[in-house]
Each structure stands twice: as structure tokens, then as C-alpha cells.
Amino acid sequence: MNWVSSLCALYDANAERAGQAERWKKKNLVLFPVGYDTMEAQIEIHIDQEGNYLGAHLLEKDEAETLVPYPEGRTSGLKALPLFDSLSYVAGDLLEVLTFYFPDAKNEKEKQSKIARLKGAFPLYLAGLKTWCDSPFSHPKVQAIYRYVTKQTVAQDLIRSQVLPMDENGIVSDKVKVQNTSLDKAFVRFRVFMHDKRLPEDILDNRDNAHDSAVWLDRSVQRSFINYYLSTFQAKDLCYMTGEYTPIAKTNPLKIRGKWDTKAKLISANDDTNFTYRGRFHTKEKETGYNEALSIGYVASQKAHNALKWIIRRQGFSRDGVCIVAWENALRDLPDFYASAADILSQVPENAADGVEVELEEEVLFEEDEAEIPETNYVSAKKFNAALDGYKAKLSGISRMVVLALDSATPGRLAITYYKELASSRYLQNIRQWHDSCCWKHEYIQDKQRKVYEGMASIREIALAIYGTEQGEDNNPQLKLSKNSDNKSPMLVAAFERLRPCIIDGAAIPRDMVRAAVLKASNPLAYKAKFNYHKVLHIACSMVKRLYWEKQQRNEREGVILGMELDKTNRDRSYLYGRMLAVAERVERSTYEKGETRITNAERYMQAFSRSPFRTWKIIWNNLQPYMKQLKPSAREYYKNLLGEITELFAYEDRISNELLDGKYLIGYDCQRMDLRRWPKEQISSHEGTNVSQKRTNECHQDDQEGEE
């Protein structure tokens, strides 16, 4: 299928929902009917079925969104909407009742132009509404609205009901605003109260919502408009998307990524005189139709765009310039490929009780020491895989997954930057492989509790770790990405673009991103909050693990599966140096008073250590001696023995080499750090009395001096 066919199929499969207001994850959601869009209304007028005025009131922000017939886009020219519109169109007495100063007019000519526009708006609106009422598809509620606006008392009624406020001179003029909107642009919607008496069972059985006075939610009115509007097309042409001869769309919908997206179109070609048709095609002659270059059926265009809007609002990710959505053809709940393992697990129904979107907002306890924060709700990789198995068990053999990404290079143009269809089972398998190959322990803090999960962080968290910087107050700095003048975060967009193939297609992880992650994790001094640094460190470990996993899959010599637990038999040079750094950090930190958060020598020299480990280790070792003397004899013995055990695993030429460390040193560092944090007392007691490794430690330091000389 192409993307239009997929979206039309999605619309047809959920056609019963069209025009029906739903609640989805605590937000309102509507699949727009064909020819419909939403507008923010400021005024609501109540009338009866004879068109008599009953009352009116201003609308609050949270109740303003209104489903309105919006068959074609309109620009700066006069063009009335079929049913609801602004006061300048709806109120035939606006110029007579209100005083217009036109404070924005630059000269008399512009002032006269605005007056002419106001004079022309109402007749245009009334003519369109009359045509609908005179058609075979008329509706009683629409006729009631027509009868009311024909009286041309809308502005008078609103003043009488004190909906339109007065200015400082006690008159209603264009100097005042309603809900921060100028009077002539205030959008009006109608409620029509019918006299027919319905029984409760009739109301419950009526799925059209016809009993509701809210005209915008009455599905019988919606059907009436669709039938009326489609009957107005005089000619049909070839739809290039469906291959059928149908009424052709002259314009295509806006607001695809959200109601704020008022300029960018997916399909747009209105240049019929200059460049669009130059060369290959004839000009866009109205006599011969619109079909020579491209024509799209009106219904197909509406269905595709409305389905895309609906699915993005329902389950898409639209933030900081990134807009991506994935859906299953039967709308089964499947995990988002860009989410963290904790997010995916929280979306499983049995875990919904604690299903908080851990990625979005985190409560961080920076002032507390890491070891003092209680660790709860440990989510293992086994539990994560079991959740994926649960998703897989619900799939049918024909289940397909669609992944679609959008981006706009300019404010007025929108493009599909990625489109892929694949079997849902394959989609789940790729997500499982991504989290397995990157599996590491990641943390977040919620309700003052530290929670740990195994797997991979979300793409957004990865972008924050690699490209983000700490911003905010000193006692609560957070990792944030820079944004450009369009309020987009280019680095977040780039992270989605580059990591998406790794997850969806199993492509190789970008080497430069792994390198950037390692460099970030090698500089703990850049972070005021320890939590932020640990987040960066763990994401770097995940990416390094994935890198060597890929090499192992390609049977390269360096390929290896790196475990999350400490490997005491690993003789890799970088891994061992990382372990030594962790021991040095632990020795110094264990001498600190409670609550002391001073930077250790190991952290201070970590960046230099990654570039020149042999030489830098001597500095760290010498600086470590005063702290070693402060330890209890058993603890001092234990740490010296541990360093001796690590040193014994080195090949001599590897140890004295000053080559750069690769990313595996972060793996060794984190594994040793976590191992020491977890079992220090047991290890100390079990190693008391051992002095063989101590001897080896002293010998090695003597060798170090000789090697350096």
C-alpha cells in the first residue's frame, strides 16, 4: 500500500467513530468527518428550532474547540464557512450596531477596504447557508440557524445579553476584545433546542447524538453537510491516488500535526501561472480540468488527511519538531519503538496502575547521595520480554504495522520523511532486538524513589544524553536540548532520523553518536547533578554494548557480548582500566563524611585517564594514598588486593601502553562501580588476610615506574 491507501483504509476501518467525541488517555479525540475541521469558538448562541434567540455566553478555553464544516481552505479573501463562522460573517447587523474605528488601518483606503469586507461577508455566508437549506439534504437544525441569522439581530442580541463588552466610553466598538480576540473575528457556534420530546431509551439508542442541542456534535447534521457538499461538485476527474473518477479536491487540509500547525500542507500546488507546470505539463487550464499534472479525489484527500490527524493525536509523538506515529492496522495496542523499556512495560494493561510516562518528567533528588535513595520496582529484561510476548500473542497472521514520520523544512510545507509497512511480528522482534542488544540498567526517580529497569532508554533520552546540557536552577538542573527560532530541536530530530533505522530495520548504530556518548560520559565534571551524569553514563554503556554486539554479529574480531554484571575474567585493556578507575573512586568516596559530595580524584582525572590511562593512573594512585591511610586496615587490605587482582589480568604491554581507551572502559567502570556499591562488606570480610595480590600490586606499581622511565 502507499501512504494514502493505508490512511484511507485506517479511516474506513474506523468510519463509525467519525464525528464522535471520545476521551483517549485523558484528552478529547475526534476523527473528523469528511469536510470537517475544528475551530476555537469564543461565543455560543442558543436558539430554538424556530430560530428564536434564547441566550448566549462566552466560552472558556477548555470548551472552545468546535467541530465545524470546513470543506476547503480559505486565505485572506472573503470566503464563508457553511455553518459556523466569525461574527463578521454571522452578524448581519454588525456594522449598524458596533462602532468601528479600525485602529489597525494605515490610511483611509485601507479603512474603506475593511468596511467593504464587512459588508460583503454576511451576504456571502447567508447565501451559502440558504443553498444548503434549499437542497434535498437540508436539516432542521440548520434551517433554524438560517431563520435566526436572517433576522440580522445577532449583534443586538449579544449586546443585550452582555456578551459583547463596552469600551471605556460605554459603547461597543472594535477597541474591545472577547477572549483575546477582536470582535469581528470572534468565532460563533450555535446550540439549537428542538421541541421534540424523546424518551430516555430513544436517546440511548441514538448513536447520531441528534438529541444533543450541540449542533457540532450531531452526526445527522454532519451527514447532511457531507451529502450536500458532495452534491455541489459539477464534474469528476481521475484521482491519481485511487484510480477512480471522483470529485477532485482543489485544496487539501491543514493542521495535520496539531491545531497549531496552521500553515504546513502535505499536498499543495496553487501556482498555475509560473513554475509548477512549466515544461513537462501544460498549464493548469480550467477548461481542460486539473488532471494533467496531478489530481486527487476530494473524499480520498479528506479521508487520508483526517485519518492522519486522528492517529497522530491519538498515539503519535509530536514534540520539538519531531512528528512520528506508528499504528497497527487493527489498532491493537503495540509498543512505541522510540520509547524506553520502562515506558513500554508501563503501557501493558496489568502495569497500567503505575503506568506513568517516565520519560516526560522526572522528579530528581540531586541533593541526595545515590546510595541513600531507595531502589524500588526493579524491572528486569525478562519481565520486559514477557511483555513483548504478551503483545505478540494478540496478533493475527495478517497484522501489519505502519510507521510514518513528518517534518517541515519551511513553515508552509510538510513532507513525509519516512514511511514503512512491515509485519507486526517483525516490528516487535526488532524492538526486542534493540533493547536486548543495548540492554543496560537505567534509572529514573519517581515519588522520591529510585526505579531501575533493564533495556534501552528512549530516543529522546538518548538525544538528551548525547547532545543535551544541564540547564535550570543550581539545585535542580535538568538535561535540555537547544532549540532554534522555529522552536524545533534539530538534535532531537537528528536523533530520531538516525536511530529509527537501527530499531525498525536493524541498521548499524551511528559510530559518531557512540563516540559522542563516550566523550560525554568521560567528563563527569560537566554535570552538577549526579543523577544526570549517571544517566549519561548508562546510555553510553548501552550504546557501546550495541556497537560491540553488532561487531559480534558480523563476526568481526572485536565483537563481543558485554554483560551488565562484572566480568572478573575479562582481560580487555580498556575494561580493566575502567575497573581500576572505579576502585579508586570508591576508595576516596568511602572516606567522605555523610552528605559530602566532593568530586573524587578519579572523576577529576577521568577525561585525561581515557586519553592516557597509564600515565594518568600514576597521578590518581599517588593522590589516593592519603585516603587509603584513612581506611580501616581490613578495608585498605581489600581494596589493595582488588587492585592487585585487576592488575594481574593485564598483559604487560597493554598496561604500560598510553593508547586511548575505547568505550569498553565505561563498561568496566560501571560494572565495577555497581559491584562495589552492592557488596562491599561481604567482599571485604571474605578477603581479609589475603596478601598475595597485595604483593602483586606493589610489584606492578614498581613496574609502572620502570615502564614510564
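The values are calculated or read from the model by the stated rules, or taken from the named source; none is laboratory data. Just so we're clear, the structure is a prediction, and the values are computed from it rather than from any experiment. Cβ placement follows ideal geometry from the backbone for every residue including glycine, while neighbour counts extend to all protein chains displayed. SASA here: full protein model, heavy atoms, side chains in, ligands and nucleic acids out. Shrake-Rupley method; radii C 1.70, N 1.55, O 1.52, S 1.80 Å.
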Carbon/sulfur fraction of accessible area - the chain, other protein chains in place, 1.4 Å, %: 49 percent
³J(HN,Hα), Karplus 6.51/-1.76/1.60, whole Hz, each residue of region 550-562, x for Gly, Pro: 5, 5, 5, 5, 8, 6, 7, 4, 7, x, 7, 8, 8
THR597 paired with LYS79, simple spin-label distance in nm, labels 7 Å along Cα-to-beta-carbon: 5.7 nm
Mean residue ellipticity (222 nm) of the chain, computed from DSSP H runs ≥ 4 via -39,500 (n - 2.57), nearest 500: -13000 deg cm²/dmol
Gained length - LEU54 relative to SER396, 0.36 nm times residue gap less alpha-carbon distance: 117.7 nm
Amide H contacts of LEU31 (H built 1.01 Å from N, under 5 Å, at least 5 apart or other chain): GLY19, GLN20
Nearest-ten-degree value, helix 424-437 long axis tilted from longest Cα axis of the chain: 30 degrees
Separation of alpha-carbon centers, region 474-500 and region 323-341, rounded to whole Å: 22 Å
Virtual spin-label span in nm between GLU108 and MET674, 7 Å along Cα→Cβ: 8.1 nm
Note, ³J(HN,Hα) from phi for region 384-401, Karplus 6.51, -1.76, 1.60, rounded to Hz, x at Gly and Pro: 5, 5, 5, 5, 5, 4, x, 4, 5, 5, 8, 7, 9, x, 9, 5, 10, 10
Under the Karplus curve 6.51 cos²θ - 1.76 cosθ + 1.60, θ = phi - 60°, whole-Hz ³J(HN,Hα) for region 102-114, x wherever Gly or Pro sits: 6, x, 8, 5, 7, 8, 5, 5, 5, 5, 5, 5, 5
Hypothetical label at ALA516: residues of region 455-473 whose amide nitrogen lies under 16 Å (7 Å Cα-Cβ projection): 458-470
Charged-residue dipole, Cβ positions (Lys, Arg, Asp, Glu), region 33-232 about Cα centre, Debye nearest 20: 660 debye
Value of relative contact order over the chain, rounded to a whole percent, pairs C-alpha under 8 Å and six or more apart: 10 percent
MET166 accessible area, assembled protein chains, probe 1.4 Å, Å²: 120 Å²
Solvent-accessible surface ranking, highest first, for SER482, SER522 at 1.4 angstrom: SER482, SER522
Label point distance in nm, ASP62-THR181, each placed 7 Å from Cα along Cα→Cβ: 1.9 nm
FRET E, pair LYS25, SER612, Förster distance 45 Å, beta-carbon r, rounded to 0.05: 0.30
Over the chain, volume per residue of the alpha carbon convex hull, in Å³: 231 Å³
Theoretical gain in end-to-end length, LYS483 to ASP212 [0.36 nm per residue, Cα-Cα removed]: 93.1 nm
Region 566-680: relative contact order as a whole-number percent, Cα under 8 Å and 6+ apart: 53 percent
Accessible area in the full protein assembly, largest first, 1.4 Å probe, for HIS139, HIS211: HIS211, HIS139
Of the GluC sites (Glu not before Pro) in region 510-565, those whose Cβ has at most 15 other Cβ within 10 Å and which sit in DSSP loop: GLU556, GLU558, GLU565
Shape call, region 376-441: gyration tensor on alpha carbons, a/c limit 1.5: oblate
ARG400 long-range amide H proximity, modeled H, under 5 Å: ASN329, ALA330, SER424
Region 4-163 - percent relative contact order, Cα under 8 Å, separation 6 or more: 24 percent
Under-5 Å amide H pairs with GLU65, H placed in peptide plane, nonlocal only: ALA41
Solvent-accessible area per residue, Å², over region 566-680 with all protein chains present [probe radius 1.4 Å]: 43 Å²
Per residue accessible area of region 30-157, 1.4 Å probe, in Å²: 44 Å²
